[in-house]
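These notes are about the structure you will find just below.
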Amino acid sequence: MQRFSGAWLYAALALVVVGCGKKAPPPETLPSVVIANPLKQQVTDWDDYAGRFEAVDMVEVRPRVSGQLASVNFTDGQSVAKGQLLFTIDPRPFAAALAQARAQVAKAEASLTNAETEAKRAETLLAARAISQAEAEARTASRLTAAADLAAARAAVDTAALNLSFTRVVAPLSGRVSDRRLAAGNLVTADQSLLTTIVTQSPIRFVFDAPESALLKYQREAGQRTGNPVEIRLQDETAYRWKGRIDFVDNAVDRGSGTIRGRAVVQNPDGFLAPGMFGHMRRLASTPVEQLMIPDQAVVNDQTRQVAYVVGTDGVVGQRTIEVGRLIDGMRVIRAGLAPTDRVIISGVQRARPGKKVDAKLGPISAFPSGVSRGEDGKIELPPGGPR
């Protein structure tokens, strides 16, 4: 009986020991990522510059004569043609001055006729020795003086007529007019009072500053600084839809900034572009060359640098510091830092950690391997069912 009880005691103790033992840990689950080799493609590189649009010509409209503003003959902001009437200055004082000048012409003509008659009579009397030589010369001088007075009177008529025409303030060029600065009834001063401004609309200029290094590169590669095609986009645009050509590069580099001013001419037939608008311009930097490209979402911003995660043959994640170029349809140009054989993580980047192993699966390289893309308005779009 005692032997039987001892056996059961040992069995119970064995069960307790087994029950208190630790369970075996489950196998580690590695994070899943998608990898691919960088895409090789012929790429035309561009240099990007920021700048503003400026009118080719801009005119400040000021009166040529002083007087009272009689009327305003345009609507603020409208397009005007060269020679179109904009303002009218009260013409009555100038019309009276013109009439007075014409009367002086008539008077001078009469004086000249009389002086010529006296000069001819003096010649006859001098031949008959009826007058002295001095008196004949005096009558000849009087005729010359009357002729000069007539010329002066006619010049005064021209001046008065010109001043009368200046009471009609017309557009000196075709373009878009600003708002009126003065209303009818105000007194204006010749060559001082600003009435409005006019700017030309098409073509329009895009002014930018380029670094000295870019200027040297263009000169060595092309030997020509002007005539190069450029593309421009506005602040709210994603596509470079405005086309133009560089027509001017300044003759000196700014000592303070180390940049040189350039200018491109852009056609603006519908007048959409306005002086002062901000834009981004890109200019052809080189001939097409083969470069590596990876999805833009595979580029990781690491404080002051940009990196890409790669997976080795042992499944361990590594990182490469890269130099990126421009973005082309969701694919980022890689100028340096990657090799064609590198296995770059293109999806699941957020789950990868340098020095840790991952479950890497080979996949096709595309601009949006995770299914997240951006629409034409720049907003993030997700595929049906959410990101993959």
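The values are calculated or read from the model by the stated rules, or taken from the named source; none is laboratory data. A quick note: this is a predicted structure, and the numbers were derived from the prediction, not measured. Because the Cβ atoms are built from the backbone with ideal geometry, glycine has one as well, and the counts that use them run over all protein chains shown.
Take the conditions (1) surrounded by fewer than 17 Cβ atoms within 10 Å (Cβ to Cβ); (2) polar (S, T, N, Q); (3) in contact with a helix residue (DSSP H, G or I) (Cβ under 8 Å, 6 or more places away or on another chain); Thr259 misses just one of them, which is (1). Only one of the numbered conditions (1) surrounded by fewer than 15 Cβ atoms within 10 Å (Cβ to Cβ); (2) out of contact with any strand residue (DSSP E or B) (no Cβ under 6 Å at 6 or more places or on another chain) is violated by Leu187, and that is (2). Quick check on region 211-221. Is at least one of its residues farther than 25 Å from Leu327 by Cα and either crowded, with 16+ Cβ neighbours inside 10 Å or not hydrophobic (A, V, I, L, M, F, W, C) (or both)? Yes: region 211-221 contains one or more residues that are farther than 25 Å from Leu327 by Cα and either crowded, with 16+ Cβ neighbours inside 10 Å or not hydrophobic (A, V, I, L, M, F, W, C) (or both). Residues that are polar (S, T, N, Q) and closer than 15 Å to Leu187 by Cα within region 87-109 comprise just one, Thr88. Residues of region 38-61 that are assigned to a loop (DSSP other than H, G, I, E, B) and under 28 Å from the mean Cα position of the chain (by Cα): Thr44, Asp45, Val56, Asp57.
Can you tell me which residue is surrounded by the fewest Cβ atoms within 10 Å (Cβ to Cβ) among those in region 76-98 that are over 11 Å from Leu164 (Cα atoms) and aliphatic (A, V, I, L, M)? Spell out the reasoning first.
If we filter region 76-98 for residues that are over 11 Å from Leu164 (Cα atoms), which is where we start, we get 76-87.
Applying the additional criterion that residues be aliphatic (A, V, I, L, M) yields 80-81, 85-86.
Details: Val80: 20, Ala81: 10, Leu85: 14, Leu86: 20.
Per the criteria, the residue is Ala81.
Among the residues of region 268-297, those that are in contact (Cβ under 8 Å) with a residue 60 or more places away in the chain, hydrophobic (A, V, I, L, M, F, W, C) and not in a strand (DSSP E or B) comprise Leu273, Ala274, Met277, Ala285.
For Gln303, the conditions (1) touching a residue at least 24 places away in the same chain (Cβ under 8 Å); (2) at positive phi are fulfilled apart from (1). Quick one: in region 75-128, of everything that is in contact (Cβ under 8 Å) with a residue 24 or more places away in the chain and of a type in the set (Asp, Glu), which residue is farthest from Leu150 (Cα to Cα)? So, considering only residues that are in contact (Cβ under 8 Å) with a residue 24 or more places away in the chain and of a type in the set (Asp, Glu), the one farthest from Leu150 (Cα to Cα) is Asp76. Being assigned to a strand (DSSP E or B) and either modelled with pLDDT of 95 or more or in contact with a Phe, Trp or Tyr (Cβ under 8 Å, 6 or more places away or on another chain) (or both) holds for only one residue in Ala101, Ala70, Ala96, and it is Ala70.
Please state which one of Val310, Val265 is assigned to a strand (DSSP E or B) and over 28 Å from Leu216 (Cα atoms). Among Val310, Val265, only Val310 is assigned to a strand (DSSP E or B) and over 28 Å from Leu216 (Cα atoms). Of the numbered criteria (1) of a type outside the set (D, E, K, R); (2) part of a strand (DSSP E or B); (3) in contact with a helix residue (DSSP H, G or I) (Cβ under 8 Å, 6 or more places away or on another chain), the one Val65 fails is (2). For region 284-332, a residue qualifies if it is basic (Lys, Arg), within 26 Å of the chain's Cα centre (by Cα) and surrounded by fewer than 20 Cβ atoms within 10 Å (Cβ to Cβ), and exactly one does: Arg326.
The criterion of at least 2 residues that are more than 30 Å from Pro93 (Cα to Cα) and in contact (Cβ under 8 Å) with a residue 12 or more places away in the chain is met, among strands (runs of 3 or more DSSP E) falling completely within region 181-262, by 204-211, 229-234, 242-249.
Within the set Gln350, Gln319, the sole residue that is part of a strand (DSSP E or B) and among the polar types (S, T, N, Q) turns out to be Gln319. Answer yes or no as to whether Val34 is modelled with pLDDT under 95 and not small (Gly, Ala, Ser). When the stated conditions are applied, Val34 passes them.
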